Every structure is written in C-alpha cells, then in structure tokens.
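Since the structure comes first, as structure tokens, the remarks are kept for the end.
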Amino acid sequence: MFDTVYDVIVIGGGHAGAEAAAASARMGSSTLLITMNLQNIAQMSCNPAMGGIAKGQIVREIDALGGYSGVVTDKTAIQFKMLNKSKGPAMWSPRAQSDRMRFAECWRTMLERIPNLDFYQDTVTGLLIELDKIVGVRTSLGIVIKAKTVIITAGTFLNGLIHIGDKTFGGGRAGESASTGITEDLNKAGFQSGRMKTGTPPRVDSRSLDYDKMIPQPGDAQPQKFSYLPDTSPLQAQRSCYMSHTSLEVHAVLRSGFDRSPMFNGRIQSVGPRYCPSIEDKIDRFASKDRHQLFVEPEGWDTVEVYVNGFSTSLPEDIQDKALRLVPGFERVKFLRYGYAIEYDYFPPTQLTHTLATKRINNLFFAGQINGTTGYEEAAAQGLMAGINAALLVQEKPAFILQRDQAYIGVLIDDLITKGTEEPYRMFTSRAEYRTLLRQDNADLRLTPLSYKIGLASKERMNRVVEKQEKTDLFVSFLKKLNFFLFKIFFDFFFDLESKSKAE
Ligand SMILES: Cc1cc2nc3c(=O)[nH]c(=O)nc-3n(C[C@H](O)[C@H](O)[C@H](O)COP(=O)(O)OP(=O)(O)OC[C@H]3O[C@@H](n4cnc5c(N)ncnc54)[C@H](O)[C@@H]3O)c2cc1C
C-alpha cells in the first residue's frame, strides 16, 4: 500500500506536526503526515488563543520564516490584543483568540493545498530502527511505512493518563486515546524518558452565564494581526471576553475536595507547568489571597462553548460544579466538559542537537511537547525547525540553526538542548538576553532573508522585506541628516551669539 520511501514522515498532527509537515513538503521533500485523527489538525487542547508575552514574538518569527501559525490565527481570530503596551516596544506582545473549530479546519485546508504532502490517519505504534538509523514506522494496523527521516511530535499522547478527581483513565486528550509503543521503542534504543503533567479548565455553556455580573474585556480598538503577508487583514468585528473572581467561599469548597484530588493525595507525582497553575495549586500556594481572577473566553464565533481561563483543575466533577456556581455570573452554570489533568511521557531534550535531531539515532527528530515544553507556540516553532532540518538533511544541505541573538526560537532550542528542563518549559522575554533586539515588529527583517536563502520563504515575502528595509534605511538616513542640519543651525546660532558678544 505504501510502496514509496518518504523523505520525511511526521508522526502527529498537532501544532508541531502541522508546521513540520508544511515546512518539509514546501521545501521539496516528499512528506507523509500520520496522525490519529485528521479532524483534529493543530487542535487547541487548552485555551483557544495564540501568542501572549514572548509567545506572540514566536508566532511572528514563525510567520517571518514562512510557517503557517500566524496566517491561520489571523484567519480564525475572534479577538486581538497587543499586550504590554505600557512598556517599551521590545516588550509588546501580540495575542489573539481564535475560533477553535475553524482553527483546525483552516490548518487542514492550508496543508491540503501543499503538493508533496500526503496524509494518513492511523496510530504509529513502533519505530523501525536499523544500525542506529531510523528507517520507518509501524502503525496500529500493522502497516510498515519507510522513510529517510522521521519527526516525532506526539504531544501529550505518549502513555497519556487522564485524571478527574479519583477517576483515572488512559487518553492523550479528553475523548482521544493514548499512544503506546513509541516510548517503549525509544527506551529500548537507549533514550531516557520522564513524566510531566498539565491540566485544563472546564468548558461551560455561555447561555447559562450572567454576563451582567462580570466585567467585559474587549479586544483592542485598532486590532493588528500576526502575518507580515497581505493575505490576511485585521479583524473588523471582535468578540468580548469577561472577567469574574473566585472568593474565600469558592476556595473553601475547592479545599473540601483536596483529599480526592490526584495532585494532593499523591496519585500524580509528575511536575506541571509552574506558570499555568491549577486553581487548587493557586489557593494552596497563595493561601493569603482571598480571590483569583477568572476570564470567560468564547471558543468561537458561533458556538455556545466558553473556556473558563484561570480555573484549570483536576478536582472531582461535583466539586468543580459546586465551586464554580459560587462565582459571580456562574450561579446557573451548565458544564459542557469538566476540567482534567493529564500525565504523559516526555524525553529530556538534552538528547537532541541544535537541529532537533536526536544524538542517539540518526535521522530521527523530536519536536513539541515531547521535548518537555508547554504551549502551542513553542511546539509550532520546534516543528517548523525540525521540518526544515529534516528536509535539509535529506537534500544533503547544511543545517539551519538560529542563534540566541537572532530569534526567540534560537533561545528556545538552545535552552532546551543545553540546559534541559525538569518542568514544562514555556518562553518568557526574560529568557532572551537579546530581547530588546528580538521585537515582534522586526521578525521579518531578522528572519525572512535567512528563510528565503534555504528555499522556504516565498519571493513575495522576501520582496516585502526588501521594500521595508529600503524604506527604513531611507528614513534613518533622513533622521541622521536632519540631526546634522539641526546641529548646524544650533551651532551657527550660538557661534553667531558668541561672536556678537565678543565684538561688543
Ligand atoms: C489537558 C491539556 C492542558 C494543557 N494546558 C496547557 C496550558 O495551560 N498552557 C499551555 O501553554 N499549554 C497547555 N497544553 C499544551 C498544549 O496543548 C501543547 O503544548 C501543544 O498542543 C503541544 O503541541 P504538540 O504539537 O507538541 O502536541 P499536540 O498538540 O498534543 O499534538 C499531538 C498530535 O500527535 C498525534 N499523535 C500522538 N501520538 C501519535 C501516534 N502514535 N501516531 C499518530 N499520531 C499521534 C495526536 O493525535 C495529536 O494530533 C495543554 C495540553 C493539554 C492536553
């Protein structure tokens, strides 16, 4: 059935897998994307938003390099905000909320337009390794598919275990099965693996909420967009979010469930994302705070489903229900999905090189959450870099590596492979020592020429950068001249005054 040897096989169609497959295929490599469910390409497993502080810069860098995350976000956005506007421009960070269902649909449409890219829905259960080199994969149907390179982007699915209160069951995400076989094959090949955890809040029915009791959080009056290309435009209309608060009463109810919480009764041992804590973690760690903010974020243009940002939890359903009902505006709340926590396998990223290829097995790459990161943006960036480097490896061309002073993506990969990570790694501006240079508004000037040189960024994208650079140079030389003339006017004026006073 699969009688070709693909240049690149990408396992997993999440944010990392989608970018990886798009990049390698667009660079001329025959690519096969194998994923468990073709309906869920680049599924937003948690909050329906892209960007944010330091993450927005990454999305712009992905776009500047010719990746698709920025374009897809623009095309499916429902709200746009430039964060950190009160700080200097280097800290400004774009964030957009997207329509979750349209986001996945738009990604699939864009991938389907790429020649060289094939799709196959199945689960990879084994890796074919010969003499320290990956040569293909085996699927749950027993099908063997050969490839010159393989990129694993299995996200939270490897031996995934979902927890809600005292209930535990296998799964890679709510409603989707876990993936087994890959970790076991990698361990056999000598790789080290570990366990991490993450969690997500409940989704509720918008019609059951009382928005009059909440504070509206509108988008920017003049929204911008992510992509440097003219193919997308800023939003004309936006959906508002709302804010409410927990209270001591809510905290007391949540505490009453701690003995049934997998995090507090010792059933979950693995480390979670420190900067995205669950609500039970927040009230435990910040016990002196009498309230926490909750943001009600719509999941799309025409769905009643809303995401309760700030209420990530794995407490039992009855506690989630009872506690949320005490939050202003949620008195008659109807749940669509309960919050849950998930534990999964990851592979310490010190086992990788700067190209995201593994040191142990030739032609095998890892990208995304499998490397111990958290977040769509971090995953997408790694996928893009792994896709580029897999294609370059097959074409016997030099590797493509971004340095720490060139991009947040360079910082991300360098941090991962040199320092490793013991907790889910997310990007911050403070991690980038060259952050004043790595602005969200100059990613095109920094990165498009590099990407154009390796054959990924289009001619059109490059032409726009050349035009922008010429205009910038012209303006800078005008300012320099202006400075000179102003200096000359002041100099002449004072020299004139001085000579007059001497003459007197
Ligand atoms: C419950 C939950 C809560 C989260 N909370 C946060 C948060 O608070 N903050 C944050 O920044 N991020 C959070 N995330 C993480 C965010 O969703 C991920 O960082 C991001 O989606 C990772 O992208 P990825 O491409 O690496 O993997 P994923 O998006 O997980 O995609 C993996 C893909 O691989 C496929 N796959 C897996 N195994 C196989 C196989 N063997 N064969 C074929 N296909 C396979 C899956 O079907 C899926 O399409 C959360 C994720 C989950 C599940």
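Quick check: anything in the stretch 366-383 at pLDDT 95 or above, of a type outside the set (Gly, Ala, Ser), more than 21 Å from GLY56 (Cα to Cα) and part of a helix (DSSP H, G or I)?
Checked against the condition, which is being at pLDDT 95 or above, of a type outside the set (Gly, Ala, Ser), more than 21 Å from GLY56 (Cα to Cα) and part of a helix (DSSP H, G or I), the stretch 366-383 yields at least one hit.
Among the residues of the stretch 279-291, is there at least one that is in contact with a Pro (Cβ under 7 Å, 6 or more places away or on another chain) and hydrophobic (A, V, I, L, M, F, W, C)?
no
Tell me, please, whether a residue that is touching a helix residue (DSSP H, G or I) at 6+ places or on another chain (Cβ under 9 Å), on the phi > 0 side of the Ramachandran plot and not acidic (Asp, Glu) can be found in the stretch 451-463.
Scanning the stretch 451-463, I find at least one residue that is touching a helix residue (DSSP H, G or I) at 6+ places or on another chain (Cβ under 9 Å), on the phi > 0 side of the Ramachandran plot and not acidic (Asp, Glu), so the answer is yes.
Any residue at all in the stretch 109-119 that's among the hydroxyl-bearing types (Ser, Thr, Tyr) and in contact with a strand residue (DSSP E or B) (Cβ under 6 Å, 6 or more places away or on another chain)?
no
For the stretch 20-33, does any single residue satisfy the condition of being within 11 Å of the ligand (Cβ to nearest atom), under 18 Å from PHE103 (Cα atoms), in a loop (DSSP other than H, G, I, E, B) and assigned by TED's automatic domain parsing to the domain that holds TYR120?
Scanning the stretch 20-33, I find no residue that is within 11 Å of the ligand (Cβ to nearest atom), under 18 Å from PHE103 (Cα atoms), in a loop (DSSP other than H, G, I, E, B) and assigned by TED's automatic domain parsing to the domain that holds TYR120, so the answer is no.
Restricted to the stretch 160-180, and to residues that are surrounded by fewer than 21 Cβ atoms within 10 Å (Cβ to Cβ) and among the hydroxyl-bearing types (Ser, Thr, Tyr), which residue is farthest from the ligand (Cβ to nearest atom)?
Top of the filtered list is THR168.
Among (1) assigned to a loop (DSSP other than H, G, I, E, B); (2) over 17 Å from ALA443 (Cα atoms); (3) within 15 Å of the ligand (Cβ to nearest atom), which single condition is GLN39 missing?
Of (1) assigned to a loop (DSSP other than H, G, I, E, B); (2) over 17 Å from ALA443 (Cα atoms); (3) within 15 Å of the ligand (Cβ to nearest atom), only one is false for GLN39: (1).
Name the residues in the stretch 138-159 that are assigned to a loop (DSSP other than H, G, I, E, B), more than 8 Å from the ligand (Cβ to nearest atom) and under 24 Å from the mean Cα position of the chain (by Cα), would you?
Residue satisfying the conditions is ASN159 alone.
Look through the stretch 193-213, keep the residues that are in a loop (DSSP other than H, G, I, E, B) and in contact with a Leu (Cβ under 9 Å, 6 or more places away or on another chain), and return whichever of them is farthest from LYS282 (Cα to Cα).
The qualifying residue farthest from LYS282 (Cα to Cα) is SER193.
Return yes or no: is ALA104 small (Gly, Ala, Ser) and out of contact with any helix residue (DSSP H, G or I) (no Cβ under 7 Å at 6 or more places or on another chain)?
Judged against the criteria, ALA104 is not a match.
Can you tell me which condition GLN320 does not meet? The list is (1) closer than 22 Å to ASP185 by Cα; (2) within 16 Å of the ligand (Cβ to nearest atom); (3) more than 21 Å from the chain's Cα centre (by Cα), and all the others hold.
The number of the failed condition is (1).
Restricting to the stretch 47-80, give me the number of residues that are outside any helix (DSSP H, G or I), under 26 Å from GLY199 (Cα atoms) and touching a Phe, Trp or Tyr at 6+ places or on another chain (Cβ under 8 Å).
The total comes to 7.
Quick check on the stretch 304-320. Is at least one of its residues surrounded by fewer than 16 Cβ atoms within 10 Å (Cβ to Cβ) and charged (D, E, K, R)?
Yes, because at least one residue in the stretch 304-320 is surrounded by fewer than 16 Cβ atoms within 10 Å (Cβ to Cβ) and charged (D, E, K, R).
Tally up the residues in the stretch 221-242 that are crowded, with 17+ Cβ neighbours inside 10 Å and under 30 Å from MET462 (Cα atoms), please.
So the count comes out to 8.
Of the residues in the stretch 50-68, how many are within 11 Å of the ligand (Cβ to nearest atom) and either of a type in the set (Asp, Glu) or surrounded by 24 or more Cβ atoms within 10 Å (Cβ to Cβ) (or both)?
Here the count works out to 2.
Cβ contacts < 6 Å: first residue within 25 Å of VAL204 (Cα to Cα), restricted to the stretch 214-243; second residue of a type in the set (Gly, Ala, Ser), any location; separation 6+ or different chain. Result?
Here the result reads MET214/SER244; MET214/GLY329; PRO216/SER240; PRO218/SER240; GLN238/GLY219, each pair linking the stretch 214-243 to a residue that is of a type in the set (Gly, Ala, Ser).
With respect to the numbered conditions (1) of a type in the set (Asp, Glu); (2) out of contact with any helix residue (DSSP H, G or I) (no Cβ under 9 Å at 6 or more places or on another chain); (3) under 25 Å from GLY67 (Cβ atoms); (4) within 16 Å of the ligand (Cβ to nearest atom), which one is the sole condition not fulfilled by GLU343?
Status for GLU343: all satisfied but (3).
Taking the options THR355, THR448, THR421, name whichever one is among the polar types (S, T, N, Q), more than 16 Å from the ligand (Cβ to nearest atom) and either closer than 30 Å to LYS167 by Cβ or surrounded by 24 or more Cβ atoms within 10 Å (Cβ to Cβ) (or both).
Answer to the check: THR448.
Restricting to the stretch 116-137, count the residues that are more than 9 Å from the ligand (Cβ to nearest atom) and touching a Ser or Thr at 6+ places or on another chain (Cβ under 6 Å).
Number satisfying all stated conditions: 2.
The values are calculated or read from the model by the stated rules, or taken from the named source; none is laboratory data. What you see is a predicted model, and the numbers here were worked out from it, not measured in a lab. Glycine also receives a Cβ, built like all others from the backbone with ideal geometry; neighbour counts cover every protein chain displayed.
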